[in-house]
Each structure stands twice: as C-alpha cells, then as structure tokens.
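First up is the structure itself, then whatever we jot down about it.
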Amino acid sequence: MTRVDTFMSAPDDRGRFGEFGGRFVAEALMPACLELETAFIEAWSDPVFLDEYHTVLREFGGRPTPVTPLRRLSALLGIELYAKREDLAHTGSHKINNVVGQTLLTKRMGKTRVIAETGAGQHGVATATAAARLGLDCTVYMGEVDTKRQELNVFRMELLGATVVPVSSGSRTLKDAVNEAMREWVTCVKDTHYCLGSVMGPHPFPWMVREMQSIVGHEASQQLVDLNVGTPDAVVACVGGGSNAAGIFAGFANSTARLIGIEAAGGSAVGLGSPGVLHGMRSLLIQDEFGQIEEAHSISAGLDYPGIGPEHAHLAATGRAEYYPIGDEDVLSALQLLSEMEGIIPALETAHAVAWIVQEVGKSIPRGSSVLLNLSGRGDKDVAQVRSILRAGA
Amino acid sequence: MKSLETQLRTLRASGRKALVPYFVAGLTPDWLHYVDAAIHGGADVIEIGIPFSDPMMDGVVIQEAAMRSLARGTTLDSACSDLRSLTSSVPLVAMTYYNIIHHYGLLKAAGALRAAHVTGAIIPDLTLEESGEWVHCCASDDVANIFLTAPSTDEDRVAKIANVCEGFSYASARMAVTGKSTDEGDAHRVVDTIRAATDIPIYVGIGITTPGQAQEVSSYADGVIVGSALVQQILSGATPQDIEATIRSFRQALDQS
Ligand SMILES: Cc1ncc(COP(=O)(O)O)c(C=O)c1O
C-alpha cells in the first residue's frame, strides 16, 4: 500500500509533529493542559461551537478578509503578487482569529479570566478585545523593552479594560513575557485560561492555534480560485512563533505551492537554532553550547523570539516548508515600498515577508510566478518607531 | 531500588525528619562553603540547582540567583566538577530544567551527575509523559528520578507518578513557583494523596520559609525542602556561618516535631 503524506494534519497523542512538540510543563499545569486538550477536541467538532466561532469572526472580526492583487508592485517586480489582507481584520492583524476561538473556549470551560503574553502588543490587544466582548477579566504580560517600543498598544489594552504587567526579567522581551505568563498561570489555573498567542507552547496549543488560524489559508485558497489564479507558485508569510504562517500554510499544505516562512535574521530559529525544550515544547531554539537560550534581536517586537512553533520545525525538517532570514535594513525599505506603491502600510513583522519577495524575484522566485503574501498586520503600531529610525538615519 | 531511596528510607526509619536545603551551583565563588555549612548545620540531603536561562518554575529569588550564576559562567560541567571536591557523604540531588540535560545528551548527563556523586535528579518541566528516555538513561547510573506532585494533580496521576518516582516524592505545597510564603498551603492534602498511593518518603517544598512552617509540615511529611528563603539570604550577603545558623534553627524545629 502506498501512503500519501498529508501535511499539517493533527499531531500524535503526545502532541508531536514528528520529533517536535510534546508537553514540557510543571506538573501543576498538566491537568490544565489535559483539560484544554479535551475541551478543544470536543468544541472543534461541535457544530454549535464552530458556528459561533465563524459568526463572531464575521460579525465582529471583519472576516472574510479580502485577497488584494498588488498590481503596481507586481508590475515592478514582474510577478503576480496577491496579498491576504489580515491587516483589515479587527484589531489590525490575524491575531483576532485565535483569540476569538480561545476566549469562546474559555467560556465553554467555565473559566472567567484570561492571561496572555505579548510581544508587539498585537496579541495582547486582540486578547483584551476578545475578553472585553465576553466580559472576561484579562491580564497581559509584556516585556519591559516592548512596553516602551509599543507604548500605544499598552494604552490600547488598558482602554479595553485589561491590566498590563511589564516583565523585567531576562531579556525583557517576548520570551520572558511567556515565562512570566506561565509562572502566573500556575497560581490561577483553576479559573484562568492562558490565551497563548502563537503556534507554540505545550500540546494542544500549537495545534489548537494553527486550527484557529487555518481560516486564513482556507479563505485564501478559495479566493485565489475565484480570482482564476488557482494554486499559487509560492505562499510567503513572516514567522515569529509562526501562527500567521501556519494559518495560511494550512490552506495550501497539500498543494504544489512552495510554503515559505520568513524569520527575522536575529531570531531565526530554523537558520541558527538546534533542537531544544522551552516554553513547554520541543522545537528549534537559538541556544548556546550549554543549552542556555539566547536572546533574539529584531527591529520588530513580534519576531523577537528565539524559537519557532514545533510544527514549523517539523515542516522544515521534512522539507515541506522553507524558512529564510531577513535583516532589519531590508525590512524598512520593504515597508516603505509597499506603502508607496500599494497604499498599504504593513506591520514591521509583515514587512519581512515583503522584503524577502523583493529580494528573491529573479532568483528563487522566477519572474512570472504567482505569489501569495500573508499580509499579517497593519503598520499603525509601528509608525512612531519607523519614523524615529528613518529620521535618525536621514 | 536506587541507592538514594535506600538511604532515605533508612533515615525515615530512624525517626529523623529530612532537611533538604537548596543551593544554586556557582552562585558565588565560594558556593561550596555554603553547602558545607548546611551539612554542618544538620542537612540530610543537598539539592543543587544547575542554572538555566529561562527558569519557568522559579520565582524572582531563584531567577536572580540563576542569572548571577550564569553570569559567572556556571555550566553543568563546572557544577559537577565543583561537586566532585565535596568530601561529605550527604546525598546530593540535582535540580535543573530539561533543556540543560537534553542539550548535553541525556545519557552523558546522567553519567556526569553520577560521577559528581549526585544520586538524584529533579527536572520540573519534564512531565511524566515525556520522561521515558531520561528515566531509561538514569537506570544504569543509579540516579533516582524525583517527580513533583502538585495540588492540581488528581488521584489517577498521583498513582501514575508514584509508580516511576524514586528517591523521594516531591510534594508541591502550593500552586505557585518557588518563592517565600507564610503558610503551608495545600501541603497536607497533597501528602495524604501521595501517601495513599506509595510508601516512598515524601518531602514538601515550594514556599517553606520558616522553621515553624517546617515543623508544622513535618508532622505529616517525611521531610522539607527549603529553597528561596536560603537563596535570598545568600543574595543579601549572608556568610556560610549565617547559613549554618539558619539550618540549625530548621534542624531544631524538625527534631522537636
Ligand atoms: C502583524 C504580525 N505579524 C506576525 C506576528 C508574528 O507572530 P506569528 O509568527 O505567530 O504570526 C505578529 C506578532 O506580534 C504580528 O503582530
């Protein structure tokens, strides 16, 4: 019998995607992980729950988001470039898809409170938004460095009724915000759900978050059919933990499209990392020769993470998806290019994917190719930072 | 039975409550002097923390100590090489996060610990479900696998954990990371649940700060683990003599229980 590999199916019983994933948490958190797994499996096959999830995303979340042909940029580059417009979703990024699902699940489990980590603040804002909608208490952990880089998002979360806790341990960025959220979760796990913001963490989070983001890919694949594009030659997304990439890849995993994830050069877990265990998962991590986790460095707070979701580590190991780094300098010019040529100011995270496409046209992306960009978020949150960098450079 | 467990069962049979202080390896250049002082003061087992950059189960005190120790260049190898110079026969137990031994190589790590006279290991982020390979690697090296049980662990899991736990069972007194606290939390209930599943010695840790608390807890547990309270003292500049005095006060409290 020949076995047909289906990519991006469910992980095994231990939550493994190949050799990556699993569950590495304090025993105190194990019961909550098991409870969450059961609740998710039940909810995700319950038509009533799924209907509510889709209804909320339509009525509140602004879905479906369009696919926009980027005509001027396409003409400039000599490719057919399309953008899946997650920047147009409520709160300005794909993060809303995951938090709508997880907050509905929180209620279903009878919990009254959510905690979350955030890097750029996008996941924190999205969580605060979804929590406000359901009347859930919300506390967000954010690295001190990021509370400064993303001051406005801190204020947004507060306007939405959330409490923001600055984290001053370690590198004071996303990695430490996750540590602190996990530490806090131990103390309040009875009535509190940890609304993790990417396809990372202990099982079932990487799988659950991918499932809740897969709406991006499923919409996009239909939209490309409607646009008479069919299967694109390549699908490109930026990767921090990897949730927007996992979401869009899910719509094309078993097609002929190349799946390409773009990491920040200073946070490139596939390029610089090796297998390790952090934040509840076995994955690729940037670490030193002794297994101490190294700090990531990126212009964008949302990609400032030394790891990657375990399913991406597996997709990289099997060769189904490819991952490449992009440096800070290229990101700024890509952000300006998309703004000037298409009237879309992308998030700095998203600009990594744009920069890679611009760099690779005529190389690994032949002219004439059709390329789908996941435009994961809008750049409003980044304009102050970009202004100060551009002014300093001028 | 692993040799650590044989020793700790004998200790319990003698009627003595176990006192287990925790030290962060490499925290200061003279960190072994603190270990010696604790042994003089009446410690029965020494728990040695091997620092990790992302100590997810530790509160601010041990986080701070881990960062200081890492800044001094502490590694699994340096900790083991320091420990080899200890002359006491008091059992040593290592506590570290899974990535440290995963990165080092599990079999090699078990061997390195054993060569440093470490006869037990606590890996708090290594769940029962993921522990098979490590347990296997420890089998030939006589390193006991010590598992934590939490207040949230249900009876079913308590029994499963009891099945593989060696040396002693680590009963977490509360739903919290390491730190200081003023009460005994859920310790009594957790100990009772473990006791119903196994007759291995049961030690209580997480938040044990004062001799009074230790005495209270030892009325139903076989021993106590004291971490952040001691580490805090060392971070604030305590000398080995100060630590010896603290350990003596815990010893006295336990001997009176
Ligand atoms: C717009 C945007 N894109 C991407 C990311 C990175 O996250 P992920 O890799 O999970 O999509 C973030 C994170 O903050 C973001 O705000």
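The values are calculated or read from the model by the stated rules, or taken from the named source; none is laboratory data. As the structure is a computational prediction, the values presented were derived from the model and not from experiment. Using ideal geometry, Cβ is built from the backbone for each residue, glycine included, and neighbour counts are taken over all protein chains shown. Just the protein is used for accessible areas: all its heavy atoms, side chains included, with ligands, DNA and RNA removed. Shrake-Rupley method; radii C 1.70, N 1.55, O 1.52, S 1.80 Å.
Points to keep in mind about this one:
- Within the accessible surface of the protein assembly as shown, defined with a 1.4 Å probe on protein heavy atoms only, the carbon and sulfur portion equals 51 percent.
- Isotropically averaged projected area of chain A, using the convex hull of Cα atoms (one quarter of hull area), nm²: 19.1
- If you run the Gaussian network model on chain B, springs between alpha carbon atoms under 10 Å, then out of B:ALA221, B:ALA43, B:ALA115 the most flexible one is B:ALA115.
- Counted charge near B:SER131, where neighbours are those whose Cβ lies closer than 12 Å (Asp, Glu -1; Lys, Arg +1): -3
- Positive contributions from Lys and Arg (+1) and negative ones from Asp and Glu (-1), summed over other residues with Cβ under 14 Å from the Cβ of B:ALA196, come out at -1.
- Partners of B:LYS17 within straight-line reach, counting lysines whose Cα lies under 25 Å from its Cα and excluding those fewer than 8 residues away in the same chain: B:LYS2, B:LYS180.
- Computed over chain B with a Gaussian network model linking Cα atoms closer than 10 Å, the most mobile of B:TYR170, B:TYR203, B:TYR220 is B:TYR220.
- Delta accessible area of at least 50 Å² on complex formation, residues of segment A:268-292, 1.4 Å probe, chain isolated as reference: A:VAL277, A:PHE290, A:GLN292
- Å² per residue, accessible surface of chain A at 1.4 Å: 35
- Over chain B, the alpha carbon radius of gyration divided by the compact-protein estimate 2.2 N^0.38 Å works out to 0.91.
- Take the accessible area of B alone and of A alone, subtract that of the pair with a 1.4 Å probe, and the total buried over both chains is about 2800 Å².
- GluC sites (Glu not before Pro) within segment A:288-377, DSSP loop, no more than 10 other Cβ atoms inside 10 Å: A:GLU289
- The mean sequence distance of close C-alpha pairs (under 8 Å, at least 6 residues apart), as a share of the length of chain B, puts its relative contact order at 24 percent.
- Residue among B:THR87, B:THR239, B:THR153 with the largest mean-square fluctuation in a Gaussian network model of chain B, springs linking Cα atoms under 10 Å: B:THR87
- With the charge dipole of the protein assembly as shown set up from +1 on Lys and Arg Cβ and -1 on Asp and Glu Cβ about the Cα centre, the Cα lying farthest toward the positive end among the listed residues A:HIS279, B:THR10, B:GLY205 is that of A:HIS279.
- Rolling a 1.4 angstrom probe over the protein heavy atoms with all chains in place gives chain B an accessible area of 36 Å² per residue.
- Residue pairs, from the table A:LYS148/A:LYS175; A:LYS111/A:LYS148; A:LYS190/A:LYS381, whose Cα atoms sit over 27 Å apart: A:LYS111/A:LYS148; A:LYS190/A:LYS381
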